[in-house]
Amino acid sequence: MECMSLLGVGACAPDTEFRASLPFPAFDINRDTIPPLLRRRSSQAMQMAFSAATAACEKAQRPPSAFPAIFASVAGEIKTTDQICTELVKDDGVISPAGFHNSVQNTAAGYWSIAQQCTQPASALAAGSDTLPMALLEAWCQLACQGGELLLVCYDETWPEYLDPGRGNPAFACALVLAAGAVDGRLMQIGRPQAGEAIFPAAWTNSVNSMPILAAIPLLEAVSAGKGAQTIALTPHTPGWQVDVRGWE
Amino acid sequence: MTLSPIISPVAVTAYQCVSAGGDDVEALYASLIANQTCLKPLTLFAIPFDTLVGEVTSPLPAIRSSLQAYDCRNARLALKALDQGGFRAHVERAVAKHGAARVGLILGTSTSGIYDSENAYARLHQDGLMPDDFYFTKVQTAQATAEFLRLELGLQGPCYAISTACSSSAKALAAAQRLLATDCCDAVLVAGVDSLCRLTLRGFNSLQLIAAEACRPMDTERQGINIGEGAALLLLEKPRAENADRPRLLAVGESSDAHHMSAPHPDGVGAATAMAEALRLAGRDASEVDYINLHATASTLNDLSEARAVGSLFPNPPPCSGVKGLFGHTLGAAGAVETVVSLLALERGFLPGTCGLRVPDPECRFPVVAAPDLQVSPRLILSNAFGFGGNNASVLLEAA
């Protein structure tokens, strides 16, 4: 496989001020993308992931049930997990069945498959500050091995402050619909993620050090700007990971 | 009928495992042959109900001081497995041969280092502060023990965690095979690691799935599951002349039930799809499968779903068994741990038994192996792992 094609993209940033600072279009959580029965119980992580994923599928003009999905997140369902850990230390702590099964890293992936009635494989991936490049690499490998199209969602809700002081904020999600090879109507051509020394834009270094999933900002900015061939840094550290892209210009 | 495979097979050049079934693969093999349960009362922490667990009670090694921030029970289980039976030397050989940047690492885990996080929360509850030596992204987040192993071994290739509950490390094998098939790596270390913790014990108890006694997979009188812990390590490399004598991972089939977060599809549709997909990717026919290592947790819904899946896919089903009555359900590690069990069956020539089985459920329209069968040498094995979210994976393995 020579490249992947980006067919659709969506971004969700619930914090208004942060959203206004982003160099590409992003939206608040769209509760219409969450099935009514799940709305009350679903986490910020899941609501953002669904919002971004639905927007990307609409942009790509693909039904969400059409392809496999990869959900990538540094901390997964951290607020639900935090609530359970808090209950576990109390003598009379209560663990609810739904709280427990909604604490797994593949909660968003599982509910997405249920909500879309999608029986294709769904994965949940985590790689700390390398979560974005490893998610893109997993997407590359799936498309190179099996062809077709897939949905990649990268997201993290805010983390309780005491877990990792100074990190885990602001919440953000983005979703990409990707196809194997060079496909007509693509927004961007994306190469295989590679180890490298591309410099992460200084303007976003503080943000990504605070919230690792924001490493997607330069890539999403490049999609929006639509420029020609360039190399995009996928990690704030060097040596790190990078990817060659070619926009529609 | 052998069709051409869609994905290239990979060689399993080394494997190791630490669990309640033993500290290494030799001890695990002895446990599989003895077929006597290793499940015992929990000693690691207190829980407000009765059960038996598959706890690793032998001492765990200390984490080196330079990697102290990663210290947690999960990392220690992984380190223990790494230092069994010369496994570390196999990884070092792969690094010397291929270069550190060409050796990747995929971890499958469901709860990572959360046992240690729970201890930190106890301090938070008491003192209002997390302990100074608690590092969230080096202990609790899913990739933590992957990063530890990568630094411990000096690997520089791709490194990430798959965390899809109880299918995690079966899917890690799938991701590793793809890294090799796409030439992103020459070797990939797959680690399936999960430790006992309060969250899963009490979580599964809230779902009323925990058995008070040793579990009885596929038995008419099954009463639920026992949780275990373990670390299984597998080194995958591209097939070459020098590893032609090693067993092969042919393919991993994956699917989603799209049914319910914590209950499997009643007819096992997703489970059957995962098994069929493994066969399709490998270009093999169902009639070629010699043995199925069942997920068989001994929860009623899971067992019946899987029994129907096997019945629907195999006109003449091969012998099947489930090993969780021996050392428990190792959750995110189960896919890798039971792949190791299946590799032992391939390499040493036997069919594992189903510890705890007395009367097979009549829904099992296939031979359920109760006692280990030493007269059969399987050559093609499917090993199943199914998780929350209806997340299914089936690993297809072949003898050298």
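Each value in this text was obtained by applying a stated rule to the coordinates, not by laboratory testing. Since we're looking at a predicted model, the values are computed, not measured. Every residue, glycine among them, receives a Cβ derived from its backbone with ideal geometry; neighbour counts consider all protein chains shown.
Side notes on the structure shown:
- Shown in residue order for segment B:85-90 are the 3J(HN,Hα) couplings computed by the Karplus curve 6.51 cos²θ - 1.76 cosθ + 1.60 at θ = phi - 60°: x, x, 4, 4, 5, 5 Hz (x for Gly and Pro).
- Of all beta bridges that DSSP places with both ends in the protein assembly as shown, some 70 percent have antiparallel geometry.
- Theoretical ellipticity at 222 nm over chain B - DSSP helices of four or more residues, -39500 (n - 2.57) apiece, nearest 500: -10000 deg cm²/dmol
- Computed from phi, the 3J(HN,Hα) profile of segment A:145-150 under the Karplus parametrisation 6.51, -1.76, 1.60 (θ = phi - 60°) reads 7, 10, x, x, 9, 8 Hz, with x in place of Gly and Pro.
- Choice from B:Ala345, B:Ala181, B:Ala282 with maximal GNM fluctuation in chain B (Cα, 10 Å cutoff): B:Ala181
- With θ taken as phi - 60° and the Karplus curve 6.51 cos²θ - 1.76 cosθ + 1.60 applied, the whole-hertz 3J(HN,Hα) list for segment B:111-121 is 10, 6, x, 6, 4, 6, 4, 4, 5, 5, 5 Hz, x standing for glycine and proline.
- Shown here for segment B:48-81: trypsin sites (Lys or Arg not before Pro) in loop regions (DSSP other than H, G, I, E, B) with at most 15 other Cβ atoms within 10 Å, namely B:Arg64.
- For the protein assembly as shown, with +1 on Lys and Arg beta carbons and -1 on Asp and Glu, the positive-most of B:Phe314, A:Ser73, B:Pro352 along the dipole: B:Phe314
- Stretchable slack from B:Ala244 to B:Ala400, in nm (0.36 nm times residue separation minus alpha-carbon distance): 55.5 nm
- The spacing between segment B:19-95 and segment B:322-400, judged by their C-alpha centroids, is 20 Å.
- For the protein assembly as shown, size of Cβ-based charge dipole, Lys and Arg +1, Asp and Glu -1, in debye: 600
- Unsatisfied cross-links (Cα-Cα over 30 Å) in the set B:Lys40/B:Lys80; A:Lys227/B:Lys97; A:Lys227/B:Lys171; A:Lys79/B:Lys238; A:Lys59/A:Lys227; A:Lys90/B:Lys171: A:Lys227/B:Lys97; A:Lys227/B:Lys171; A:Lys79/B:Lys238; A:Lys90/B:Lys171
- Among B:Asn226, B:Asn205, B:Asn384: highest mean-square fluctuation, GNM of chain B, C-alpha pairs under 10 Å: B:Asn205
- Taking amide hydrogens as placed 1.01 Å from N in the peptide plane, the amide H of B:Asp194 sits under 5 Å from those of B:Gly230, B:Ala333, each at least 5 positions away in sequence or on another chain.
- Largest GNM mean-square fluctuation across A:Asn206, A:Asn102, A:Asn169, computed for chain A with C-alpha springs under 10 Å, falls on A:Asn206.
- For the protein assembly as shown, the pair-distance distribution built from all alpha carbon pairs, in bins 10 Å wide starting at 0, is 3, 18, 30, 28, 16, 5, 0 percent.
- Averaged over peptide A:133-141, the number of partner chain Cβ atoms lying within 10 Å of each residue's Cβ comes to 5.
- Protection proxy ranking of B:34-45, A:235-246, A:32-43 - average other beta-carbon atoms within 10 Å, highest first: A:235-246, B:34-45, A:32-43
- Amide H to amide H, with H built 1.01 Å from N, B:Ser163 comes under 5 Å of A:Ala124, A:Leu125, A:Ala126, counting only residues 5 or more places away or on other chains.
- When peptides B:256-265, B:312-321 are sorted by average Cβ neighbour count within 10 Å, with the highest value leading, the order is B:256-265, B:312-321.
- Dividing the summed helix terms, -39500 (n - 2.57) for each DSSP H run of n ≥ 4, by the number of residues in chain A produces a 222 nm estimate of -9500 deg cm²/dmol to the nearest 500.
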